[in-house]
Amino acid sequence: MRGIIARVGGKSKIADFIVSKFPKEAKETYVEPFVGGGSIFFSKPYESKVEVINDKDKDIADIYKDYKVVNDLHKKNFNPSRKQFVKLQSQTNFKDKTDRLYRNVYLSRFSFRGNRKGYVGEKKEKQTEGTSVSYKNPLYNKKYTDRLKRVNVFNKDFKELIKKYDGKNTFFYLDPPYSRSVDVKDYEEVGITIEEIYNSLKNIEGKFLLSYDDNKDVRKLFKGYKIKKIKTKYETSGNPFEVVELLISNY
């Protein structure tokens, strides 16, 4: 299954490789404190006994919470429209969870890098002008409803989540906002330092795998752990470019 929404730094292109590095504990208690678009979670080919996903961005957490119970989003109109985009941006009250899910998925789909801030549907809008083409939600979401039914979804601080679920049979996969996130402003919650991440992980009982950008600060902090370089590609406005990331683990 593909991720539900696009997010900057998403792992769709390397998801299978990352999942292949998971330890056996991932089949017991799996915790993802920064789920984002969900590329890693949905690439996991098995359901763990306990599954926990979390995002500090309330809109993102609500997408997963609402997908657990909503299975008729495919009936909604996803035609690109700046007017509709601006209208949904200001919407704060919802008649039901379907209404809230539609708002959050629509904004994610038609925004720059999935940040739900700047509208990028002009090209598709021109292509469909004067036609009867109707864009529906590209994902048949009943399979997501079924997959998420038994998953615990939270909108909490990552440190709180790690303390709550740590144990010898717990595996944490972390893909936090990287060091450059403060500059690009793609996330609601930025400013999470690598020191905070390190301090939350250094004494845990469980196992972890951390994705992060390659820089000297993270290498210095995690010098006692296993570090692997991995190449991937990001895409901005249809232009792909190669980047180097690190996979850091305590196993």
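Exactly one condition in (1) within 19 Å of the chain's Cα centre (by Cα); (2) over 16 Å from Ile4 (Cα atoms) is not met by Leu101; state its number.
Failing condition for Leu101: (2).
I'd like the residue in the stretch 50-103 that is among the hydroxyl-bearing types (Ser, Thr, Tyr) and closer than 16 Å to Thr145 by Cα and, out of all such residues, is surrounded by the fewest Cβ atoms within 10 Å (Cβ to Cβ).
Going through the qualifying residues, I end up with Thr98.
Across the stretch 1-45, which residue is surrounded by the most Cβ atoms within 10 Å (Cβ to Cβ) among those that are part of a loop (DSSP other than H, G, I, E, B) and of a type in the set (Val, Ile, Thr)?
Of everything passing the filter in the stretch 1-45, Val35 is surrounded by the most Cβ atoms within 10 Å (Cβ to Cβ).
Going residue by residue through the stretch 13-32, is there one that turns out to be within 20 Å of Tyr106 (Cβ to Cβ) and among the small types (Gly, Ala, Ser)?
Taking every residue of the stretch 13-32 in turn, none turns out to be within 20 Å of Tyr106 (Cβ to Cβ) and among the small types (Gly, Ala, Ser).
So is Arg116 free of Cβ contacts under 8 Å to residues at least 60 places away in the same chain and in a loop (DSSP other than H, G, I, E, B) or not?
Yes: the conditions hold for Arg116.
Show me the helices (runs of 4 or more DSSP H) entirely contained within the stretch 151-251 in which 2 or more residues are farther than 26 Å from Phe112 by Cα and either at pLDDT 95 or above or in the same structural domain as Ser20 (by TED's automatic domain parsing) (or both).
Answer list for the stretch 151-251: 158-165, 194-201, 216-221.
The values are calculated or read from the model by the stated rules, or taken from the named source; none is laboratory data. Given the structure is predicted, the values throughout are model-derived calculations rather than measurements. With ideal geometry, Cβ positions are generated from the backbone for all residues, glycine too; neighbour counts draw on all protein chains shown.
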